[in-house]
Amino acid sequence: MIIGQESSLGYKSIKVCFRPGGHGGGSKPLFQAVDPMTLVFFRYITAVIGLSVIFCFTSRSQSLSKDLGGSLKSDHKDIVKIALCGIIGQGAFSLFNFLSLFHIGATENGIIQGMQPFATVFFGMLFMNFRMNKVQWCAFITSVLCIYAMSVGPTNSIDGGTPTLGYIYVTCSMLSLAWTAHLRASLADNYGSVVSMLYQYISVAVVGFFAVIAMGLDLSQIFIILDSPLLIFLWRQLPHSAVLI
């Protein structure tokens, strides 16, 4: 059973390695139309709604609820872990990623985001006594090749942008996701993948609500997305882009 789980994680890692940085390039038209903080808030509001609907269906199936989660009851000792995974691993990841695209191109963003598998493995070895199997090593090498291919590709310059600041933002984004990867995996083991992600999305949505109110942001910007078929398509991809494991 353990071998099967490790192989599954390895195959998922390969899938991630084949699409490093996809989140950055695909989200660029969105952040150009909507304020990044507002975009992050709406992203997780829609994610909460979507996962709530999914949970309503999966919780009724005994076979599905075993892996995806069948109850919304949580252990109080996991509240801090849920908040860290949600606010840092989801919210900070998205916000810093969007902010970086004001200063660097999608190619540069993709190169840094493509380092997520490396950072995830590093944190796992450092704090979780994690060791990779042969399939995961294959994913690791594949990721190296993908990043190299992107690094020698064409680059983009952003008018008025500060490249150094952009690289700092995208590095913070990448590390936010990688640092919490193993915590998110442990939550998924305890509560099921759908329920654990729903917890995290709720925590981001709550914090995002207070942040949007405090900053006095214009929430009517959501209609900019709703009026554009292309932006609606990109918007529908966002809630799934941070789920690596």
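Before moving on, here are some points about what is shown:
- A search for C-beta distances below 6 Å between a residue of segment 168-180 that is farther than 17 Å from Phe130 by Cα and any residue that is among the hydroxyl-bearing types (Ser, Thr, Tyr), counting only pairs 6+ apart in sequence or on different chains, returns Tyr169/Ser100; Val170/Ser100.
- Applying the condition of being open to solvent by less than 10 Å² (accessible area, probe 1.4 Å) and touching a Lys or Arg at 6+ places or on another chain (Cβ under 7 Å) to segment 87-145 and asking which residue is farthest from Leu165 (Cα to Cα) yields Gly89.
- Test: residue in segment 208-219 that is touching a Pro at 6+ places or on another chain (Cβ under 9 Å), open to solvent by less than 60 Å² (accessible area, probe 1.4 Å) and either of a type in the set (Gly, Ala, Ser) or part of a helix (DSSP H, G or I) (or both): no
- Residues in segment 187-207 that are open to solvent by 40 Å² or more (accessible area, probe 1.4 Å) and closer than 14 Å to Gly86 by Cβ: Ile202, Val206, Val207.
- Residues in segment 60-91 that are of a type in the set (Lys, Arg) and within 18 Å of Leu183 (Cβ to Cβ) were compared, and the one that is modelled with the lowest pLDDT is Lys77.
- Those helices (runs of 4 or more DSSP H) of segment 107-207 in which at least 1 residues are within 16 Å of the chain's Cα centre (by Cα), considering only elements entirely within it, cover 116-127, 163-179, 181-191.
- Of all the residues in segment 35-73, those that are in a helix (DSSP H, G or I), touching a helix residue (DSSP H, G or I) at 6+ places or on another chain (Cβ under 9 Å) and without any contact (Cβ under 8 Å) to a residue 24 or more places away in the chain number 2.
- Residues located in segment 74-86, provided they are touching a residue at least 24 places away in the same chain (Cβ under 8 Å) and open to solvent by 40 Å² or more (accessible area, probe 1.4 Å): Ser74, Asp75, Lys81, Leu84
- Residue match in segment 92-99 (condition: modelled with pLDDT of 80 or more, part of a helix (DSSP H, G or I) and hydroxyl-bearing (Ser, Thr, Tyr)): yes
The values are calculated or read from the model by the stated rules, or taken from the named source; none is laboratory data. The structure displayed is predicted, hence computed values, not measured ones. Glycine also receives a Cβ, built like all others from the backbone with ideal geometry; neighbour counts cover every protein chain displayed. Note: areas computed on protein heavy atoms with side chains; ligands, DNA, RNA excluded. Shrake-Rupley method; radii C 1.70, N 1.55, O 1.52, S 1.80 Å.
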